[in-house]
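What follows is a short report on a single structure.
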Amino acid sequence: SSKTFWTTTGMFPQEFIIGFPKCVKISKVTVQCYLVRTLRIERSVSKDPVGFEQCIEKDLQHTEGQLQMEEFPLPDFQATYLRFIIKSAFDHFVSVHRVMAEGT
């Protein structure tokens, strides 16, 4: 729902994990967030959310008063779990409004 969001508790790093029913192929991940400075995405192909490996880390642009929309192309990428780590922020609290994974 676009009316809900996940917010941090004010200290960094913060993280959340998204799980898929089985290992899937992902071509692109799009994140809609607010006040995130540095975001890292890690993946696991295990049955359980363990053994994560870093895939991408990016410094996002500050967009005063509006949501940030970041696309992460991930060619030939498979995952059962994605871990999103917010390493730093432009304020004490940030929010994540939407995460979209495209693929098969």
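Below are the figures for this structure:
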{"read-out": "With at most 15 other Cβ atoms within 10 Å, longest stretch of the chain clear of loop trypsin sites (Lys or Arg not before Pro) (DSSP)", "value": "48-104"}
{"read-out": "Space enclosed by the convex hull of the alpha-carbon atoms of the chain, per residue, Å³", "value": "100"}
{"read-out": "Carbon and sulfur %, accessible surface of the chain computed with the full protein complex present, 1.4 Å", "value": "50"}
{"read-out": "Gaussian network model of the chain, springs between alpha carbon atoms under 10 Å - residue of Val50, Val31, Val94 with greatest fluctuation", "value": "Val50"}
{"read-out": "In nm, spacing of pseudo-spin labels at Lys25 and Thr9 (7 Å Cα→C-beta vector)", "value": "4.0"}
{"read-out": "GNM flexibility winner over the chain from Pro73, Pro21, Pro13 (Cα, springs under 10 Å)", "value": "Pro21"}
{"read-out": "Span per principal axis, largest first, for the Cα atoms of region 47-104 (Å)", "value": "38, 22, 18"}
{"read-out": "Relative contact order, percent, region 15-103 [alpha-carbon distance under 8 Å, six or more residues apart]", "value": "50"}
{"read-out": "Summed residue charge, Cβ within 15 Å of Val99's Cβ, Lys/Arg positive, Asp/Glu negative", "value": "+1"}
{"read-out": "Surface accessible to a 1.4 Å probe, per residue, for the residues of region 18-93, Å²", "value": "57"}
{"read-out": "Qualifying GluC sites (Glu not before Pro) in region 58-101, DSSP loop, other Cβ atoms within 10 Å at most 13", "value": "Glu64"}
{"read-out": "Positive minus negative residues near Asp48 (Lys, Arg vs Asp, Glu; Cβ under 14 Å)", "value": "+4"}
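The values are calculated or read from the model by the stated rules, or taken from the named source; none is laboratory data. Everything numeric here is computed off the predicted structure, so don't read it as measured data. Don't worry about glycine lacking a Cβ; one is built from the backbone with ideal geometry, like all the others, and counts go over all protein chains shown. Surface areas here come from the heavy atoms of the whole protein model, side chains and all, with no ligands, DNA or RNA. Shrake-Rupley method; radii C 1.70, N 1.55, O 1.52, S 1.80 Å.
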